[in-house]
Every structure is written in C-alpha cells, then in structure tokens.
1. Once phi is turned into θ = phi - 60°, what whole-Hz ³J(HN,Hα) does the Karplus curve with 6.51, -1.76 and 1.60 give for every residue of region 32-46, x standing for Gly and Pro?
2. In whole Hz and in residue order, list the ³J(HN,Hα) couplings for region 130-143 that follow from phi through the Karplus curve 6.51 cos²θ - 1.76 cosθ + 1.60, θ = phi - 60°; x for Gly and Pro.
3. Please list, by residue number, every one of the trypsin sites (Lys or Arg not before Pro) in region 115-150 that is coil in DSSP and has at most 10 other beta-carbon atoms within 10 Å.
4. Efficiency by 1/(1 + (r/R0)^6): what FRET value for Leu51 and Ala98, r their Cβ-Cβ distance, R0 = 30 Å, to the nearest 0.05?
5. How large is the accessible surface of Ser32 in square angstrom, using a 1.4 angstrom probe and rounding to the nearest 10?
Amino acid sequence: AKVHHFYALRLALGGAAASTEGTRADRPTVESCLGTAALAMACVMAGSGHLGSLRLLRVLRRCADNDVSYGFHMSISMAIGLLFLGGGRLTLGTSKAAVAALVTSLFPRFPLAPTDGRYHLQALRHLYVLAAEARCLEAVDVDTGEPAMIPLRL
C-alpha cells in the first residue's frame with residue numbers, strides 16, 4: 001500500500017511544473033522513499049516471485065525519465081532481484097549476521113551516478129548474498145527425529 005502511495009505521489013510530482021523550487025526539492029525525496037519502499041516490499045516477498053509485486057516494480061521501472069537518478073534505477077533493479085532470489089529457491093535469513101548484511105546492503109542512501117561513492121560504497125550493495133538461505137521443507141518424525149515420507153501437494 002505504501003509503494004502505491006509513493007508511486008502516486010511521484011506521478012503527481014512528475015506532472016507538476018518544474019519551475020517551482022519546491023518541486024525540484026521534493027522529487028528526489030519521493031524517489032528515495034519509493035525506492036526504499038520497493039526494497040522493503042521485496043524483502044518481505046523475497047524469493048517468492050510474486051506476480052503482483054513484479055507488476056508494480058515493472059511499472060516503476062518503466063516510469064523513468066531523464067530526471068530520475070541512477071539510485072532510483074538501482075533500487076528498483078535490486079528489488080526485482082530480491083523478488084526472484086535464487087530463482088525461487090532462496091529466501092532471506094533472520095539470523096543476526098543476515099540482518100546485518102541486509103542493513104548494510106540496503107542502506108537507503110542511493111547514489112546519483114555509478115561513480116558516486118560519497119555516502120555508501122557500491123560494493124556493499126552485494127552483501128545481501130550473505131543473508132540468502134535455501135528454502136527447504138523437510139518432514140521429520142516427532143518421536144524419532146528421523147526424516148519421514150509424507151504425501152505433500154503444493
């Protein structure tokens with residue numbers, strides 16, 4: 001719901017006249033919030049390949065124009081990558097190390113250009129890989145602790 005809100009706000013700012021100083025100051029902030037909300041949604045839906053989320057991210061990716069920063073493109077691309085983490089075989093872990101890697105890689109200060117390293121090193125964006133864990137369902141017998149064969153339908 002928040003992603004839709006920020007997307008509507010971005011569209012409203014995109015259609016506004018660029019002559020006012022407030023519009024120029026507000027647009028990068030809205031794009032940063034939109035990128036952060038898209039990454040948050042992708043973290044929740046990580047590895048699921050959820051079609052509704054993908055549709056929204058594709059719309060955000062297509063709404064780019066000349067005024068959109070490199071960081072906005074990067075955040076949307078990272079969100080799509082998290083959505084299809086490991087082709088649906090991986091998800092994000094919840095251990096302390098996994099959370100630390102995610103906080104470091106998804107730090108919400110996005111660069112203005114590919115060479116911009118003032119606030120966050122671009123190499124740190126790849127640390128999300130340390131938070132990826134295999135998604136596995138294993139049936140175990142409660143009494144013996146041994147793996148058990150059970151009929152399962154997904």
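1. Taking θ as phi minus 60°, the curve returns 5, 5, 5, x, 5, 5, 5, 5, 5, 4, 5, 5, 5, 9, 3 Hz for region 32-46.
2. 5, 8, 6, 10, 5, 9, 8, 10, 10, 8, 10, 5, 5, 6
3. Qualifying residues, ordered by number: Arg118.
4. On the way: r = 26 Å, r/R0 = 0.87.
My answer for the efficiency is 0.70.
5. 40 Å²
The values are calculated or read from the model by the stated rules, or taken from the named source; none is laboratory data. Worth saying up front: this structure is predicted, and the values here are computed from it rather than measured. Note that each Cβ is placed from the backbone with ideal geometry, even for glycine, and that neighbours are counted across all protein chains shown. Accessible surface areas use protein heavy atoms only, side chains included; no ligands, DNA or RNA. Shrake-Rupley method; radii C 1.70, N 1.55, O 1.52, S 1.80 Å.
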